[in-house]
Amino acid sequence: MADRAALFPGQGSQQVGMGAELAEAYPPARAMFERADEVLGFALSKLCWEGPEDRLTQTENAQPAILVHSLAAWSVVSDRLADIVRFAAGHSLGEFSAYAAAGSLEFDDAVRLVRRRGELMSAAREGTMAAVLKLEDGAVEDVCRRVRDEGGVVVAANFNAPGQVVISGEVEAVEKARTLATEAGARVKPLPVSGAFHSPLMAEAEAGLREALESVEFRDPRFPVVANATAEPISDADAARAALVRQLTAPVRWTESVRRIAAEGVTRYMEFGPGKVLTGLLKRIDGSLEGVGLGKPGDIESFNEGKA
């Protein structure tokens with residue numbers, strides 16, 4: 001089997017029913033949801049499987065929900081992948097999932113960390129985000145720079161794929177940037193988020209997250225994890241801890257991250273968790289790349305049969 005890269009999705013991929021079929025089909029997956037319930041002290045599994053959606057979408061709930069689903073899917077096939085996964089990468093929250101899959105973090109610690117991360121992000125300064133489509137990265141950054149020159153706080157926060165950049169910042173500043181981007185020919189879509197993630201408005205959450213990260217043991221990952229903030233692979237425990245703090249306010253360089261892995265000759269990617277957002281972005285980043293989502297029993301059965 002050819003070398004692969006493991007991808008882990010971020011916030012926004014959550015949906016009511018997530019992981020239910022997986023837990024029913026595979027006892028190891030169910031055990032991970034049950035363990036997460038014990039670690040958190042409430043029924044995260046029921047929230048994932050039954051909702052309500054508005055509570056599941058809350059940042060402090062969505063983050064552990066996505067991580068647990070991702071790692072539950074990973075647990076089902078990880079034995080087969082030990083010798084073929086050369087790299088991993090996770091989008092925002094997914095970077096925590098990637099380190100847990102790589103053995104840097106114990107499952108219990110990862111669940112507690114992302115719950116705390118979600119709480120800290122929810123408590124940070126009010127802001128918003130918007131997706132800017134059909135505009136080059138440099139043009140989006142120029143729009144944000146123009147708004148900042150007038151005193152607003154807005155930055156390019158997620159470089160998801162060519163022609164798809166998410167901006168983040170103060171509500172008024174994002175609205176000004178939206179107007180400028182539209183005038184430049186972009187289509188701009190406001191995002192239903194509770195904060196200005198990956199922007200300077202998250203700075204007040206850094207100290208709390210750093211403290212939480214320093215309270216748990218990190219180990220060197222079994223395979224390199226490409227960091228959001230730098231798009232470079234990390235193989236060291238201390239560097240991993242630092243990268244997870246830095247990404248709170250730094251942009252997610254997803255396009256660069258995928259291309260960095262591809263530059264090493266890896267052309268096949270597996271996405272673990274709810275949805276297939278990252279799989280969908282692959283072709284937009286590089287038409288030669290192949291991806292498969294592994295979040296449901298049918299996906300995993302096809303993979304085990306060599307059909308994916």
Of the DSSP H helices in the chain, those whose Cα atoms cover at least 27 Å axially and whose Kyte score averages 0.0 or more: 59-81
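In terms of the ratio Rg/(2.2 N^0.38 Å) built on C-alpha atoms, what value belongs to the stretch 65-187? Could the numbers behind the result be given before it?
Working: Rg = 18.2 Å, N = 123, 2.2 N^0.38 = 13.7 Å.
Compactness ratio reported: 1.33.
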For the stretch 128-195, the spread of Cα positions along each principal axis, largest first, Å: 27, 25, 17
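Suppose only helical runs count, i.e. DSSP H with n ≥ 4. What mean residue ellipticity at 222 nm does that imply for the chain under -39500 (n - 2.57) per run, divided by all residues and rounded to the nearest 500 deg cm²/dmol?
Details: 14 runs with 151 residues, N = 308.
Rounded to the nearest 500, it is -15000 deg cm²/dmol.
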Packing rank of 71-82, 40-51, where each peptide gets the mean count of other beta carbons within 10 Å, highest leading: 71-82, 40-51
Sites matching GluC sites (Glu not before Pro) across the stretch 163-260 that sit in DSSP coil, with at most 13 neighbouring C-beta atoms within 10 Å: Glu217
Over 28 Å (Cα to Cα) - which of Lys46/Lys189; Lys46/Lys276; Lys176/Lys276; Lys46/Lys134; Lys134/Lys296; Lys46/Lys283 fall in this group: Lys46/Lys189; Lys176/Lys276; Lys46/Lys134; Lys134/Lys296; Lys46/Lys283
DSSP beta bridge pairing in the chain, given as percent antiparallel to the nearest 5: 55
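None of the figures in this text is laboratory data; all of them are computed from the coordinates on show. These figures come from a predicted structure and were not determined experimentally. Ideal geometry is used to build each Cβ from the backbone, glycine not excepted, and the neighbour counts take in all protein chains shown.
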